[in-house]
Amino acid sequence: MDIVEKRIRISGVDPLSLLGINDSNLQIISDRFDANIIVRGDSITIRGEEAETSRVEKVFKELMYVLDKTGVLKTDDVVTVVELVSGEGESTKPAEGGSREIVVLSARNDLIKPKTPGQRQFVRAVQKNDVVFAVGPAGTGKTYLAVAMAIAALRNREVQKIVLTRPAVEAGESLGFLPGDLKEKVIPYLRPLYDALDDMLPQDKLKLYVEKNVIEIAPLAYMRGRTLGNAFVILDEAQNASGMQMKMFLTRLGVNSKAIITGDITQIDLPQKSLSGLVEIQKVLKGVEGISFVYLEKTDVVRHKLVKDIIDAYEKYNSWDGKD
């Protein structure tokens, strides 16, 4: 087994706050990972097997980000970040108590984490696969979690850019009938993606990323003819993509890229004779290694409590045979 050594500099945060009183935070990390961690001044040296040292390095970088953004590092924050990172691979030390929650991203003054069993399955599928389809009703957090995972991958330098896309098909409307130039026409279709980003990134950083094309938000048609390498790509509202559009999108993936495809097959806005690419692809890619399908249910809805009741009501109405 090869032993490697990594060094991290504590930068932009108070070392005492990072390590905890009497090194309490450091102890949590040391107990969870099989690596030797030595702190001298503002330098952290990690020595051990390569995969394990990489995970410890990732933990410290994430904790420094949390501390920098929030100004405080709670024990719960340390535990959840440790559990998230250790869940990405088999740690050689067993966990001793603590939360099993998965933290996806530290955003603004909160931690974004899956709140239901279906959401946890979704996050784990993305950790293990390069292409993941998340199919489920509105309010299950498909888009929000997908964007959070993309930002986390960008922050951890696992990818160099994020590409967010949607089919410009909604409620039978056509772009040609909408007022304004092309940018103004497509903004309404892409607004949910902007909203998710706005929740997770400071305004100035989001603006900079968009200006530098580190984050690109565009209609699905703009993906044709491109190769997306070193990118985290999200296709949202995929139930409104045709079979050809779905094939076009999936064949854009380049080296070191991940893709998440989200959609709700109960809300297809395509013409009646058109087959949804999201419906078709479940048969086409069934059993392909490296591709995962996750099905979220109404029990995974995390919006207003009435959303579940509304979904139930529609299901009962659509299944009603007209008899009392």
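Name the single residue that is farthest from V78 (Cα to Cα) among those in region 2-14 being surrounded by 14 or more Cβ atoms within 10 Å (Cβ to Cβ) and not basic (K, R).
Filtering region 2-14 for residues that are surrounded by 14 or more Cβ atoms within 10 Å (Cβ to Cβ) and not basic (K, R), the one farthest from V78 (Cα to Cα) comes out as V4.
Of all residues in region 239-269, which are in a loop (DSSP other than H, G, I, E, B), in contact (Cβ under 8 Å) with a residue 24 or more places away in the chain and surrounded by fewer than 17 Cβ atoms within 10 Å (Cβ to Cβ)?
G254, V255, N256, I265, T266, Q267, D269
Taking only pairs six or more apart or across chains, which ones have beta-carbon atoms under 6 Å, a first residue in region 278-297 that is closer than 20 Å to V255 by Cα and at pLDDT 90 or above, and a second residue that is of a type outside the set (A, V, I, L, M) and surrounded by 10 or more Cβ atoms within 10 Å (Cβ to Cβ)?
From residues that are closer than 20 Å to V255 by Cα and at pLDDT 90 or above, the pairs are S292/N129.
Quick check on this structure: which one of V147, V82 is farther than 22 Å from F60 by Cβ and either modelled with pLDDT under 75 or open to solvent by less than 30 Å² (accessible area, probe 1.4 Å) (or both)? Before you say what the answer is, go through the steps one by one.
On the way: V82 fails: farther than 22 Å from F60 by Cβ.
Exactly one of V147, V82 is farther than 22 Å from F60 by Cβ and either modelled with pLDDT under 75 or open to solvent by less than 30 Å² (accessible area, probe 1.4 Å) (or both), namely V147.
Give me the residue from region 211-225 that is free of Cβ contacts under 8 Å to residues at least 40 places away in the same chain and either within 18 Å of Q245 (Cβ to Cβ) or surrounded by 15 or more Cβ atoms within 10 Å (Cβ to Cβ) (or both) and, out of that set, farthest from the chain's Cα centre (by Cα).
G225
Looking at region 230-240 only, could you name the residues that are more than 14 Å from V126 (Cβ to Cβ) and touching a Lys or Arg at 6+ places or on another chain (Cβ under 9 Å)?
Answer for region 230-240, where residues must be more than 14 Å from V126 (Cβ to Cβ) and touching a Lys or Arg at 6+ places or on another chain (Cβ under 9 Å): N230, A231, D236, E237, A238, N240.
Cβ contacts < 8 Å: first residue in contact (Cβ under 8 Å) with a residue 12 or more places away in the chain, restricted to region 1-29; second residue among the basic types (K, R), any location; separation 6+ or different chain. Result?
Close Cβ pairs satisfying both conditions: I3/R47; V4/R47; E5/R47; K6/R47; I8/K61.
The values are calculated or read from the model by the stated rules, or taken from the named source; none is laboratory data. Computed from a prediction, not measured in an experiment: that's the story for all the values here. Note: ideal-geometry Cβ built from the backbone for every residue, glycine included; neighbour counts use all protein chains shown. Remember, those area values only see protein heavy atoms, side chains included, never the ligands or the DNA or RNA. Shrake-Rupley method; radii C 1.70, N 1.55, O 1.52, S 1.80 Å.
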